[in-house]
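The structure appears below as structure tokens.
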Amino acid sequence: MAIGSRREWHNIDLICRAGLDIATLTPLLCRHIRNFVGAAAAAMFWMDENGMPIGLHHEDSPDSVRNLFVNEFERLFTGPSEINVAMLARSGGGKKSILLSPPPDYFRSNTFNLLIRPSGHHHALDLRVRVDGKVRVIVLLFREEANAFAAVDAERLKMVEPCLLNAVTASEVSGWRTKGERGQLIVDTGGEAVLFHNDAAVNLLKECPLVGQGINLTGEILRAPGFVRGLCSRPAESWPRQASVFIPSGRLTATATPMHANADVAFPARAVLVTLERQVAVCLDVIMSLMQTTLSPIQRKISLAASGGSRRGDISMQMGISGEALKKHLAAIYSTFNVNSWEALRQTIQAECN
């Protein structure tokens, strides 16, 4: 493997060690997987336990295409001739790419003509990542018509599967910070109709390519998304109420508070104020910073573990290295960050990314 390809693979491995929901990682992973295999664009889909898509990140599809996918998936893309993520998730135990040599019907399907071709693509390559026998992540790579994928590309794509499996099964880390504007919606008491929204709220909701939430990615927001409706309709729960959904590059947190509430009467509110905030994980900034260093791949993993609060005494076992090897790696790491202790390393890395 060429030096550049090894570097990309190690970047993918580092990203997948973030301990974040896979949706949050998709933009970074798409970029590095595309570079690793060699493709014009990449997309990732995260799936529920029934093999239906929850959301997607596509690097260069128009808003109109993403809107079709998230709001018309069952109507347009679940027929017998449709070869898309739902079909791929149900495709048994085979691990070979199905789209490397698709049947002729594929090029007459809604999937190809309404999703793939309008994004400027022709050839596709797929990778399915299973947990306990169920597909939970699908990666698609795309190329133009004159540049078909080959079996060697499919084999290279499969090399990232163990990394992605680590990400899918990881426990979520803490450490989020608000980034960008706050948006406000005013909805009726059932959380159905949007009575008012500001521009920031519309912009934040259009960063949510989530299937089944009812978010219009191309026009006006007239109906509250599903997670807001669920928030407002929770029975016998005190206010304010909060819920979060994972989106590409972060999570969107919604806080609902009744308007015109009277302390003497149980929630006689005529409307509910919903504040939206986009949050980003601090550890992604740490990973981006580590990628810019001259540290070796194992040294970057050690530094990431330090920034996340791991104990130095646990690192040898976690990384599968001896105590002597760890000392040598730490000497290089401490020199890079101009520190002389494990705790100082953690504080320095975190401070640089805040």
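The values are calculated or read from the model by the stated rules, or taken from the named source; none is laboratory data. On a predicted model such as this, the values are computed, not experimentally measured, just so you know. No Cβ is skipped: glycine too gets one built from the backbone with ideal geometry, and neighbour counts run over all protein chains shown. Heavy atoms of the whole protein, side chains included, go into the accessibility calculation; ligands, DNA and RNA do not. Shrake-Rupley method; radii C 1.70, N 1.55, O 1.52, S 1.80 Å.
Summing Lys and Arg as +1 and Asp and Glu as -1 over all other residues whose Cβ lies under 13 Å from the Cβ of LEU29 gives a net charge of -2.
Need the list of aspartates and glutamates near LYS327 for cross-linking: C-alpha distance under 16 angstrom, and skip anything on the same chain fewer than eight residues off. Qualifying aspartates and glutamates at Cα under 16 Å: ASP314, GLU343.
For the range 29-86, averaging the sequence separation of C-alpha pairs within contact (under 8 Å, six or more residues apart) and dividing by the residue count gives a relative contact order of 25 percent.
Rounded to the nearest 20 debye, the dipole magnitude of the range 226-339 is 200 debye, with +1 charges on Lys and Arg beta carbons, -1 on Asp and Glu beta carbons, and the Cα centre as origin.
Once a ≥ b ≥ c are taken as the square roots of the eigenvalues of the Cα gyration tensor of the range 221-321, is the result rounded (a/c under 1.5), prolate (a/b larger than b/c) or oblate (a/b not larger than b/c)? Note, shape of the range 221-321 comes out prolate. Dividing the mean sequence gap of close Cα pairs (under 8 Å, 6+ apart) by how many residues the range 75-134 holds gives a relative contact order of 42 percent. On the beta carbon distance between ALA170 and ARG75, with R0 = 30 Å, the FRET formula returns roughly 0.30.
Surface exposure of the chain, expressed per residue as accessible area with a 1.4 Å probe, stands at 46 Å².
Note on SER310 and GLU192: their simple-model spin labels are 5.1 nm apart, each label 7 Å out from Cα toward Cβ. Counting only protein heavy atoms and a probe of 1.4 Å, the accessible surface of the range 131-193 is 48% carbon and sulfur. Here the extension length gained between GLN347 and ARG130 equals 74.5 nm, from 0.36 nm per residue of separation less the Cα-Cα distance. Comparing Cα centroids, the range 294-352 and the range 1-44 end up 22 angstrom apart. Which is farthest toward the positive dipole end of the chain among THR255, THR275, THR24, measuring Cα position about the Cα centre, with Cβ charges +1 (Lys, Arg) and -1 (Asp, Glu)? Selected residue: THR24.
Within the same chain, lysines fewer than 8 places from LYS134 are excluded, and of the rest, those with a Cα less than 22 Å from its Cα are LYS95, LYS96, LYS158.
Mean residue ellipticity at 222 nm, helices only, the chain: -11000 deg cm²/dmol; runs of at least 4 DSSP H residues each add -39,500 (n - 2.57), and the sum is divided by the number of residues. A Cβ-based charge dipole, computed about the Cα centre of the chain with Lys and Arg at +1 and Asp and Glu at -1, lands at about 840 debye.
Between the listed residues VAL131, ASN71, ASN11, the Cα displaced farthest toward the positive end of the dipole of the range 1-131, a dipole computed from Cβ unit charges relative to the Cα centre, is found at ASN11. Normalised by the number of residues in the chain, what is the relative contact order in percent for Cα pairs under 8 Å and 6+ residues apart? Relative contact order comes out at 17 percent.
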